Amino acid sequence: AAQTILEAKHKVRYYNLLTSGKLNSYLANVEQQAQDFFLRLVKDLAEKENVTEELKASDMMLWVQKMNNICSRAIEVVNTKLIFTV
């Protein structure tokens with residue numbers, strides 16, 4: 001996604017990175033930042049919303065629903081704040 005957005009919205013930067021041989025490392029860095037941000041967000045939201053191991057043990061379906069919701073929201077935040085602004 002980051003490469004497509006970079007290529008579409010920032011053509012000069014994309015071609016500069018591509019021709020200098022730095023595109024792959026740039027995209028890998030963005031990917032790592034996105035993964036780290038996502039994991040932090042999921043952890044923080046789960047703590048804030050009391051989605052715990054105890055909930056998982058007592059009501060697995062509710063835990064799965066809540067974690068799916070948290071993950072979806074975290075993906076939206078990561079995309080909006082990081083990926084779509086590449």
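The values are calculated or read from the model by the stated rules, or taken from the named source; none is laboratory data. This one's a predicted model, so the numbers in the text were calculated from it and none came from an experiment. Heads up, the Cβs are rebuilt from the backbone with ideal geometry, glycines too, and the neighbour counts pull from every protein chain shown. Just the protein is used for accessible areas: all its heavy atoms, side chains included, with ligands, DNA and RNA removed. Shrake-Rupley method; radii C 1.70, N 1.55, O 1.52, S 1.80 Å.
Counting pairs of alpha carbon atoms under 8 Å apart in space and at least six apart in sequence, what relative contact order in percent does the chain give?
Relative CO of the chain lands at 39 percent.
Give the lysines reachable from residue 66 as a straight Cα distance under 18 Å; neighbours fewer than 8 places away on the same chain don't count.
Reachable lysines: 43, 48, 56.
Using a probe of 1.4 angstrom, how much of the accessible area of the chain is carbon and sulfur, in percent?
Its accessible area is 56 percent carbon and sulfur atoms.
Using 0.36 nm times the number of residues separating residue 75 and residue 52, minus their current alpha carbon distance, what extension gain do you get?
6.3 nm
Mind checking the per residue accessible area of the chain for me, 1.4 Å probe, whole number of Å²?
70
Taking 1 over the mean of 1/r across every pair of different Cα atoms in the chain, what Kirkwood radius in Å do you get?
About 14.6 Å for the chain.
Enumerate the residues in segment 43-86 having an amide nitrogen under 14 Å from the point lying 7 Å beyond the Cα of residue 8 toward its Cβ.
From segment 43-86, the list is 80, 83-86.
Less than 27 Å apart at the alpha-carbon level, and either on another chain or at least 8 residues along: which lysines does that give for residue 9?
Of all the lysines, those that pass the test against residue 9 - Cα under 27 Å, at least 8 places apart if same chain - are 22, 81.
Report, in order of residue number, the helices in the chain meeting two criteria: a C-alpha extent of 27 Å or more along the helix axis, and a mean Kyte-Doolittle hydropathy of at least -0.5; treat each whole DSSP H run as one helix.
Helix filter hits for the chain: 23-48, 60-81.
Sum -39500 (n - 2.57) across every DSSP H segment of at least 4 residues in the chain, then divide by the residue count to get the 222 nm mean residue ellipticity, nearest 500.
-27000 deg cm²/dmol
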